[in-house]
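J.: Take this structure, written in structure tokens, and hold onto it; I'll ask about it next.
The values are calculated or read from the model by the stated rules, or taken from the named source; none is laboratory data. Here the structure is a predicted model, which is why all the values come from computation and not from measurement. All Cβ positions, glycine included, derive from the backbone under ideal geometry; neighbour counts span all protein chains shown. What goes into the accessible areas is simple: the full protein's heavy atoms, side chains included, and nothing from ligands, DNA or RNA. Shrake-Rupley method; radii C 1.70, N 1.55, O 1.52, S 1.80 Å.
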Amino acid sequence: MDNRNLFAALRAAFPQDLDGIAVETDDGLAYSWRDLERGTAMLANLLASLGLEAGARIAVQVEKSVEAMMLYLATLRAGYVFLPLNTAYQKAEIEYFVGNAEPAVVVCTPANFGWVSKIAFQAGTRHVFTLGDDRTGSLLERAARHSDRHTPAVMGDDDLAAILYTSGTTGRSKGAMLTHGNLRSNAEVLKSYWGWREGDVLIHALPIFHVHGLFVAIHGALLNGSKMFWLGKFDPKKVIARLPEATVFMGVPTLYVRMLAEPALTREACRHMRLFISGSAPLLLETFNEWQERTGHTILERYGMSETVMLTSNPYEGERRGGTVGFPLPGVGLRVRDDQGQDVPTGEIGGIQVKGPGVFKGYWRMPEKTKEEFTVDGWFKTGDVGKVDARGYVTIVGRSKDLIISGGYNVYPAEIEGYINDMPGVAESAVVGVPHPDFGEVGVAVVIAKPGSKLQPEALITTLKGQLANFKIPKKCFVVDALPRNTMGKVQKNLLREQHKGLFA
Ligand code: MCA
Ligand code: AMP
């Protein structure tokens with residue numbers, strides 16, 4: 001039986017000459033394809049030596065590094081389930097994820113070992129390793145004792161490869177289960193759709209704990225045997241400095257906005273580049289147009305989700321239309337339905353529903369919640385609101401889910417409201433997204449005090465900073481006497497958005 005392990009597909013695409021450079025980091029390190037082969041084999045052998053049960057989860061909360069990428073590839077290679085966690089998550093968030101996913105292994109930064117290992121061991125995790133972004137920590141020490149030869153575990157299309165936590169309307173995160181088949185089929189479609197070719201070089205400047213940086217970027221380069229310039233953290237100047245030697249760049253809109261602020265971003269600097277891709281959040285038409293004028297390149301915008309990987313894309317050869325997310329990818333079914341579940345006429349707005357080989361298996365241990373998010377005929381309800389025009393271009397016009405996308409990260413108002421409402425003296429709160437020139441959208445909190453209580457907005461924010469990942473913290477907090485409500489008593493967040501939309505203009 002042929003091995004459907006995603007790692008086997010990626011490995012097969014490595015160049016013949018394994019001594020070529022696969023990854024070059026911004027602090028001057030160079031990793032050959034042989035380094036990737038040996039490093040992932042040793043890490044896979046370490047995992048295999050732990051006697052883990054099939055489907056065991058490997059939870060990883062470490063700073064971005066090539067070794068962290070090798071740990072992801074080794075998890076696939078050994079046939080386990082990779083669970084990446086945003087490095088900004090704090091105690092309560094990690095407690096939830098570890099409690100929900102029950103990982104057999106946790107890998108954290110050396111600095112966080114104290115509190116993360118306590119949470120992990122209490123949840124029944126038997127192995128906690130450390131990995132620093134400077135190649136320190138117990139993980140690599142232990143892996144060094146293992147053989148650098150490893151045969152990839154035989155996996156089927158339907159076997160789990162990763163769990164990515166995301167949320168819908170509820171405040172609690174859900175683990176989206178992605179299979180080897182979901183990931184490989186999507187990577188294969190994108191390879192041809194985006195014209196990956198011999199000699200391509202990718203600039204990788206995204207975090208690797210989300211779909212964009214971990215799957216779309218890494219799989220894109222590896223499945224084409226392409227070199228990556230690897231930035232530990234986005235820096236506009238460093239990206240621009242690399243453009244003359246690269247051909248492909250992927251980013252969220254904030255990255256494009258920040259590069260446009262750099263005088264070094266010129267047509268000349270971009271001459272060698274072939275493709276700029278944007279996604280994860282809406283790319284403003286002004287950013288799309290400014291990029292085109294400044295560099296001569298037309299950004300290719302695409303749309304995806306943790307639950308579905310990539311769904312639509314502007315064409316590589318055809319017209320890339322600013323403000324749209326292009327066409328459904330080959331194999332992706334996309335339809336727009338109204339609240340009664342009827343197809344809306346072409347050009348009309350409705351709820352976007354999708355189906356296809358990239359659509360996930362469901363939410364980890366939440367069969368009920370999973371069922372709610374699919375229609376009876378098996379289409380996944382994205383929670384995005386949009387339309388398809390007469391030429392087939394998809395436009396996303398909003399979201400029916402209560403979600404703020406800030407600098408490409410998802411912020412769930414329900415989760416933040418829950419924390420604010422638990423604070424002493426708070427009667428109720430509402431968190432809404434307002435436009436922001438850098439992050440695209442940021443959260444603003446509107447809070448009502450309990451009768452007789454005096455609330456200091458700054459104090460509420462400071463308390464939140466000690467509890468939640470920094471990117472989730474509302475950028476502004478107002479204490480008010482009342483929240484606008486509709487006849488059913490539901491807070492009218494649209495009115496709050498309208499009221500505060502000029503805050504960061
Ligand atoms: C940092 N801060 C943020 C964000 N990032 N606040 C709101 N939103 C953010 N995204 C906070 C920091 O904690 C700090 O606050 C202050 O803002 C300034 O930080 P700064 O240095 O400007 O931020 P940064 O470290 O430069 O990060 C900005 C960033 C980063 C580079 C845009 O957010 C990023 O890499 N975003 C990419 C997210 C991503 O990969 N999304 C893909 C999801 P303080 O000083 O108080 O600490 S996958 C997906 O959506 C689907 C599947 C798809 O289609 O791809
Ligand atoms: P995530 O939950 O991280 O998978 O984020 C997926 C969500 O990001 C989608 O449901 C959309 O709301 C949003 N998204 C992704 N790409 C785009 C895009 N190009 N334009 C607008 N929204 C996008």
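J.: Would it be correct to say that K475 is touching a Gly at 6+ places or on another chain (Cβ under 8 Å), open to solvent by 40 Å² or more (accessible area, probe 1.4 Å) and away from ligand 1 (no atom under 12 Å from the Cβ)?
T.: No, not satisfied.
J.: Which members of the stretch 261-286 meet the condition of being among the charged types (D, E, K, R) and either buried (at least 20 other Cβ atoms within 10 Å of the Cβ) or over 17 Å from H204 (Cβ atoms) (or both)?
T.: Those that are among the charged types (D, E, K, R) and either buried (at least 20 other Cβ atoms within 10 Å of the Cβ) or over 17 Å from H204 (Cβ atoms) (or both): E262, R267, E268, R271, E286.
J.: What are the pairs with Cβ atoms under 9 angstrom where one residue, in the stretch 264-286, is among the aromatic types (F, W, Y) and the other, located anywhere, is within 16 Å of ligand 2 (Cβ to nearest atom) and assigned to a loop (DSSP other than H, G, I, E, B)? Sequence gap at least six, or different chains.
T.: Every condition considered, the pairs that remain are F276/T298; F276/I299.
J.: Still on this structure, please answer the following. Check V434, V426, V444 and return the single one that is at pLDDT 95 or above, in contact with a Pro (Cβ under 7 Å, 6 or more places away or on another chain), open to solvent by less than 40 Å² (accessible area, probe 1.4 Å) and among the β-branched types (V, I, T).
T.: V444
J.: Also, quick follow-up: Is it the case that the stretch 41-48 has a residue that's buried (at least 24 other Cβ atoms within 10 Å of the Cβ), under 14 Å from F209 (Cα atoms) and touching a residue at least 24 places away in the same chain (Cβ under 8 Å)?
T.: No, there is no match, as no residue in the stretch 41-48 is buried (at least 24 other Cβ atoms within 10 Å of the Cβ), under 14 Å from F209 (Cα atoms) and touching a residue at least 24 places away in the same chain (Cβ under 8 Å).
J.: Condition test on N486, is it farther than 19 Å from A427 by Cα and either modelled with pLDDT under 95 or open to solvent by 60 Å² or more (accessible area, probe 1.4 Å) (or both)?
T.: It is false that N486 is farther than 19 Å from A427 by Cα and either modelled with pLDDT under 95 or open to solvent by 60 Å² or more (accessible area, probe 1.4 Å) (or both).
J.: Regarding the stretch 341-362, can at least one residue be identified that is touching a Pro at 6+ places or on another chain (Cβ under 9 Å), open to solvent by 20 Å² or more (accessible area, probe 1.4 Å) and at pLDDT 95 or above?
T.: yes
J.: Scan the stretch 304-319 and tell me whether some residue there is open to solvent by 40 Å² or more (accessible area, probe 1.4 Å), over 30 Å from H272 (Cβ atoms) and β-branched (V, I, T).
T.: no
J.: Scan the stretch 157-168 and report the pairs whose first residue is in contact (Cβ under 8 Å) with a residue 40 or more places away in the chain and farther than 14 Å from Y412 by Cβ and whose second residue is open to solvent by 20 Å² or more (accessible area, probe 1.4 Å) and hydrophobic (A, V, I, L, M, F, W, C), with Cβ atoms within less than 7 Å and a gap of 6+ or a chain change.
T.: L160/M177; I163/M177; I163/W364
J.: If you take the residues of the stretch 266-300 that are within 15 Å of ligand 2 (Cβ to nearest atom) and assigned to a strand (DSSP E or B), which of them is farthest from W194 (Cα to Cα)?
T.: Going through the qualifying residues, I end up with S278.
J.: Can you confirm whether K233 is surrounded by fewer than 19 Cβ atoms within 10 Å (Cβ to Cβ) and in a loop (DSSP other than H, G, I, E, B)?
T.: yes
J.: Of all the helices (runs of 4 or more DSSP H) wholly in the stretch 98-215, which have at least 1 residues that are among the aliphatic types (A, V, I, L, M), within 16 Å of ligand 1 (Cβ to nearest atom) and open to solvent by 10 Å² or more (accessible area, probe 1.4 Å)?
T.: Fully inside the stretch 98-215 and qualifying: 180-193.
J.: Just to be sure I understand, how many residues within the stretch 480-500 are in contact (Cβ under 8 Å) with a residue 24 or more places away in the chain and part of a strand (DSSP E or B)?
T.: 2
J.: Same structure again: Looking at the stretch 447-470 only, could you name the residues that are part of a helix (DSSP H, G or I) and small (G, A, S)?
T.: A459
J.: Here is a list: A449, A430. Which entry is more than 16 Å from ligand 1 (Cβ to nearest atom) and either of a type in the set (D, E) or in contact (Cβ under 8 Å) with a residue 40 or more places away in the chain (or both)?
T.: Step by step, each of A449, A430 is checked, and only A430 is more than 16 Å from ligand 1 (Cβ to nearest atom) and either of a type in the set (D, E) or in contact (Cβ under 8 Å) with a residue 40 or more places away in the chain (or both).
J.: Now for a different question. Mind telling me which of the residues G304, G318, G322, G331 ends up being small (G, A, S), in contact with a Phe, Trp or Tyr (Cβ under 6 Å, 6 or more places away or on another chain) and at pLDDT 95 or above?
T.: G322
J.: Right, another one. Could you tell me how many of the residues in the stretch 396-416 are open to solvent by less than 30 Å² (accessible area, probe 1.4 Å) and either of a type outside the set (D, E) or at pLDDT 95 or above (or both)?
T.: 11
J.: Quick one: what pairs do we get from the stretch 56-81, first residue closer than 12 Å to F7 by Cβ, second of a type in the set (S, T, N, Q), C-beta under 7 Å, 6+ apart or different chains?
T.: Hits for this filter: M70/T40; L73/T40; A74/T40; L76/N5; R77/T40; G79/N5.
J.: Another one. V257 - would you say it is near ligand 1 (Cβ under 8 Å from one of its atoms), hydrophobic (A, V, I, L, M, F, W, C) and either within 30 Å of L164 (Cα to Cα) or surrounded by fewer than 20 Cβ atoms within 10 Å (Cβ to Cβ) (or both)?
T.: No.
J.: Please determine whether any residue of the stretch 224-239 is under 19 Å from the mean Cα position of the chain (by Cα), away from ligand 2 (no atom under 16 Å from the Cβ), at pLDDT 95 or above and of a type in the set (F, W, Y).
T.: Yes - at least one qualifying residue is present in the stretch 224-239.
J.: For E93, state whether it is part of a helix (DSSP H, G or I) and acidic (D, E).
T.: Here the answer is yes, as E93 does meet what is asked.
J.: Another question, then. Quick one: which helices (runs of 4 or more DSSP H) lie wholly within the stretch 1-82 and hold at least 3 residues that are in contact with a Phe, Trp or Tyr (Cβ under 8 Å, 6 or more places away or on another chain) and not polar (S, T, N, Q)?
T.: 33-48, 66-78
J.: I would also like to ask the following. Among the residues in the stretch 470-492, are any touching a Ser or Thr at 6+ places or on another chain (Cβ under 7 Å) and not β-branched (V, I, T)?
T.: yes
J.: Could you list, ordered by first residue, the pairs with Cβ atoms under 8 Å in which the first is in the stretch 465-479 and over 19 Å from S173 (Cβ atoms) and the second is open to solvent by less than 20 Å² (accessible area, probe 1.4 Å) and of a type in the set (G, A, S), at least 6 apart or interchain?
T.: K475/G443; K476/A445; C477/A445; F478/A445
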